[in-house]
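Working notes, structure below.
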Amino acid sequence: MTDVRGRGLFIGIEVDTRRVTARAVVDQLLARGILSKDTHGTVVRIAPPLNIAREDLAWAVGEIRTVIRKIERDTERAA
């Protein structure tokens with residue numbers, strides 16, 4: 001991942017396309033129960049409902065971290 005940007009709960013995670021596409025990240029997040037959208041193949045957009053509970057948000061952040069770490073490990077092994 002190269003950058004995280006946004007305001008409040010509406011964020012975009014920019015991916016390093018030499019390692020992974022945004023679509024691949026979106027698919028892995030979906031498999032873990034998180035809806036997101038890829039934009040231009042380089043950004044994963046996340047926009048949870050404004051009334052999301054803190055516990056649900058904490059769970060989602062943990063799942064996103066898990067996916068990012070897995071991608072980083074997988075690309076390091078492939079190199």
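The values are calculated or read from the model by the stated rules, or taken from the named source; none is laboratory data. The model shown is predicted, which means the values in this text are computed figures rather than measured ones. Because the Cβ atoms are built from the backbone with ideal geometry, glycine has one as well, and the counts that use them run over all protein chains shown. Areas reflect the complete protein model, heavy atoms only, side chains present, ligands, DNA and RNA absent. Shrake-Rupley method; radii C 1.70, N 1.55, O 1.52, S 1.80 Å.
Mind pulling the angle between the C-alpha long axis of helix 22-31 and the longest principal axis of the chain? Nearest 10 degrees, somewhere in 0 to 90. Between helix and principal axis, roughly 60 degrees.
Axis angle, to the nearest 10 degrees, between helix 54-78 and the longest C-alpha principal axis of the chain: 0 degrees. Over region 21-79, Cα pairs under 8 Å with separation of 6+ residues give a relative contact order of 30 percent.
With runs of 4+ DSSP H residues as the only contributors, calculate the mean residue ellipticity of the chain at 222 nm using -39,500 (n - 2.57) per run, divided by the residue total and rounded to the nearest 500.
After summing the helix terms and dividing by the residues of the chain, the value is -15000 deg cm²/dmol.
A convex hull fitted around the alpha carbon atoms of the chain yields 80 Å³ per residue. Summed over the residues of the chain and divided among them, the accessible surface reaches 70 Å² per residue at a probe radius of 1.4 Å.
Note on the chain: GNM, Cα springs under 10 Å; of 14, 55, 63, the largest mean-square fluctuation is that of 55. Taking only protein heavy atoms and a 1.4 Å probe, the accessible area of the chain is 53% carbon and sulfur. The charge dipole of the chain, taken about its Cα centre with unit charges on the Cβ of Lys, Arg, Asp and Glu (plus for the first two, minus for the last two), comes to roughly 60 debye.
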